[in-house]
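Below is one structure, written out as structure tokens; comments come after it.
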2 protein chains.
Amino acid sequence: MASEFDLIARYFTRAAPTGLLGVGDDCALFPVPPGEQVATSTDLLLEGRHFFPDVDPKALGHKALAVNLSDLAAMGARPIGCVLGLALARLDEPWLAAFAEGFHALAAAHGCPLIGGDTTRSAHDLAISVTVFGAVPAGQALRRDGAQAGDDIWVSGELGAADVAYRLLDGQYPGNPAMLAATRGALEWPQPQVALGLALRGVAHAAIDISDGLLQDLNHILDASRLGATLHYAQMPVAGALASLDEALLRRAVLGGGDVYQLCFTAPASRRDAVLAAAATAGARVTCIGQTQAQAGLAVLDSQGQPLAELPAGFDHFPAA
Amino acid sequence: MASEFDLIARYFTRAAPTGLLGVGDDCALFPVPPGEQVATSTDLLLEGRHFFPDVDPKALGHKALAVNLSDLAAMGARPIGCVLGLALARLDEPWLAAFAEGFHALAAAHGCPLIGGDTTRSAHDLAISVTVFGAVPAGQALRRDGAQAGDDIWVSGELGAADVAYRLLDGQYPGNPAMLAATRGALEWPQPQVALGLALRGVAHAAIDISDGLLQDLNHILDASRLGATLHYAQMPVAGALASLDEALLRRAVLGGGDVYQLCFTAPASRRDAVLAAAATAGARVTCIGQTQAQAGLAVLDSQGQPLAELPAGFDHFPAA
């Protein structure tokens, strides 16, 4: 059996790009262009909590990095590199090889090489910690507190599929192989909207990535910007695969479903053309779903203009008792 | 019971220093001085593996950051900030408050504020992920691959106490309250040698922090620099509390004991005065324990100049079968 150091070398060491000192010293080193700031985000993913024990390890390697790249996207930051902490309950080389393949493929696609890490043994479950670094010109980051009253509220991509896939896999919904096949990619292979985030610099006022659910994440923008909002349910970009879903479950998936990793952002109504041009540049679909307002509160109107009575709660890792 | 967001706010949000965007956006932001590079390191600590379940949470908060600051020290990097991932099996507010107190106190002592994080629930054990960021002028980092043949090999502080404290607490040694009292601080409250690392820039050729054991960590310098070394056991700065320990156990603790978080570094023999001056600046004790050589291999000589026959293996999270 290989030693820890052999394993790290085999699966996680890549030749560091010029200018970066990668895996194999006390710290990794990277330069930052003059006038730019470092943006950083960290996520801790646990087996049984953030992913199923039998998930495809290649998809897991992809997703562990994707959720962090999504945070860079939401700041409008360009990826520089990442570090990985991995606690394994057992040494399974095919599993490690597949995990590393999924991780490195997404890292290469976004110019975000793995430059450091820590591998250890876990007593029970697999734990994955990823921290990403990016760069953004000083003052140009897409923050949560930049929204202004009267902004359009936009989302990228489609909503609801990841939540439905999760509930199908978790046994909360009766078996539905066709719907699972059509939604599973959204849950297991989220595509971080890095290009869209970059294109929205100077256009969007505020942005967040949707990890806990549209309403909960939008609320973070509204809280930070001291605003309210009105959304139009009929304008939501619902994933086509969900057409046959019960209406109440569909609303829950669209408004409250997590694991989306699309961007929710605000921009002045006067910049609609610029938003659409940014989306075209990034190859992303964007949809205007409502507007912010000075008055506090968050309402979702139905097609008759009536507020939906019951809104789904977001995902809270420690729900109130 | 408070929600996750309330908890994060209560214990882990501090007002971010000027120029930094702290907890509460998709990413934290920090500037880097012109001409400096970012140094980063990450560690994943698990209950039962890296610390005992009943450890004082204030000490644990201290140590979780200390082991990462020690990596910055070993690069000669000045701390900028850190991010924390915390997976908790249960919500215990007094525990969280004490953990945060220990963490923030060390962060404040080293100018390394917490600027981001992720809190989640764990199915079984506590997991702690810390990533630190520092800055070092381009080309001045203390790397592992910079040692040259004929360098002196130095260590800071004392050796052996943390290993003995661990084995006493783990029940590997018979109860010895006096020795536990004299060694426990080294295990639970390691003091990262950040000031020494900074003072050694331009003096030391190579450096590493001792986390897995003196011989194993020194070997990383020797491997990276393609050198061998000869050490003198009689010169080792053995912790005074270990005077009554059996000689074989003492050697194992001094040469192979982990969790030391002191620096092992090399410097030219012509710079001995500069090394001592750097140590005086940093308020650190440093001891010359041997020399590097072009010939491969690592020998430890006894006071008669004879090589010690049995050298302890280092700590490997996945030992060879």
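Read-outs: derived from the displayed coordinates by stated rules, not from any lab. None of these values were measured; they are calculated from a predicted model. Here the Cβ positions follow ideal geometry from the backbone for every residue, glycine too, while neighbour counts run over all protein chains shown.
The table below lists the values:
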quantity: For chain A: relative contact order, % (alpha-carbon pairs under 8 angstrom, 6 or more apart); calculated: 22 percent
quantity: Nearest-0.05 FRET efficiency for A:Gln172 and A:Glu93, computed from C-beta distance (R0 35 Å); calculated: 0.55
quantity: Taking N as its residue count, the alpha carbon Rg of the protein assembly as shown over 2.2 N^0.38 Å; calculated: 1.01
quantity: Shielding of B:209-217 by partner chains, average beta-carbon count, 10 Å; calculated: 1
quantity: Peptide A:81-94, shielding by other chains (average Cβ, 10 Å cutoff); calculated: 3
quantity: Fraction of alpha-carbon pairs over 23 Å apart in segment A:153-263 - percent; calculated: 29 percent
quantity: Ordering of B:196-203, A:246-253, A:55-62, B:108-115 by packing [mean C-beta count within 10 Å, highest first]; calculated: B:196-203, A:55-62, B:108-115, A:246-253
quantity: Packing-based order for B:78-91, A:277-290, A:215-228, using average beta carbon neighbours within 10 Å, highest first; calculated: B:78-91, A:215-228, A:277-290
quantity: Label spacing, shortest first and in nm, from B:Pro174 to its equivalents in the remaining copies (7 angstrom along Cα→Cβ); calculated: 6.9
quantity: Test item: A:123-135 mean partner chain Cβ contacts at 10 Å; calculated: 6
quantity: Rounded D (µm²/s) - chain A, Kirkwood Rh over Cα pairs, Stokes-Einstein at 4 °C, 1.567 mPa s; calculated: 63 µm²/s
quantity: Spatial separation of Cα centroids for segment A:249-281 and segment B:189-255, in angstrom; calculated: 54 Å
quantity: Orientation-averaged projected area, Cα convex hull of segment A:4-137 (nm²); calculated: 7.8 nm²
quantity: Farthest positive-ward along the protein assembly as shown dipole, Cα basis, beta-carbon charges - from A:Gln140, A:Ser244, A:Trp154; calculated: A:Gln140
quantity: GNM top mover of B:Gln295, B:Gln193, B:Gln37 - chain B, alpha-carbon springs below 10 Å; calculated: B:Gln295
